[in-house]
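A quick write-up on the structure given underneath.
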Amino acid sequence: MEERTTEEITTIYTYAGHSVDVINEYANFAAYQSANPYDVLTTEEEWKQKIKDNVTHLEIIKAYKKTDGTTSIWTSEDFTAIDAAITKGKTLYS
């Protein structure tokens, strides 16, 4: 397997941002609609699973390594929003 290119790493980081957005959207809906936070077609179990899936996605992305298996692919990326979304998401689906 070859090392990921800068463009691939940028794309992965962008995808992480999408998961952050999903978690934050669900959290915002939950704050305003206690019985069914996302929409009338989604059960509480379904939206919790969606949050959990996105948290898992973020944790996997954060753990990406170079081909040596020990060195992170990440260099100067800011993980503040990602870490906050992981924490928030875990609170929401627990």
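The values are calculated or read from the model by the stated rules, or taken from the named source; none is laboratory data. Predicted, not measured: the structure shown is a model, and the values here were computed from it. Cβ coordinates were reconstructed from backbone atoms using ideal geometry, including for glycine residues, and neighbour counts include every protein chain displayed. These area figures cover heavy atoms from the full protein model, side chains too; ligands, DNA and RNA do not enter into them. Shrake-Rupley method; radii C 1.70, N 1.55, O 1.52, S 1.80 Å.
Brief remarks on what is shown
- Most to least accessible of Thr56, Thr70 (protein chains only, probe 1.4 Å): Thr70, Thr56
- To put it simply, the accessible area of the chain at a 1.4 Å probe is 53 percent carbon and sulfur.
- Accessible area expressed per residue, the stretch 46-94, with surrounding protein chains retained (probe 1.4 Å, Å²): 59
- Magnitude of the charge dipole, the chain, Cβ model with Lys/Arg +1 and Asp/Glu -1, debye to 20: 300
- Evaluated at q = 0.10, 0.21, 0.24 Å⁻¹: base-10 log I(q)/I(0), Debye formula over Cα of the chain: -0.31, -0.96, -1.16
- Area accessible to solvent at Lys90, 1.4 Å probe radius, in Å²: 80
- Computed 3J(HN,Hα) for the stretch 52-67, one whole-Hz value per residue from the Karplus formula 6.51 cos²θ - 1.76 cosθ + 1.60 where θ = phi - 60°, is 4, 4, 6, 5, 4, 4, 5, 5, 5, 4, 4, 8, 3, 10, 6, 4, glycine and proline marked x.
- Taking 7 Å steps out from each Cα toward its Cβ at Glu77 and Thr5 produces label points 1.7 nm apart.
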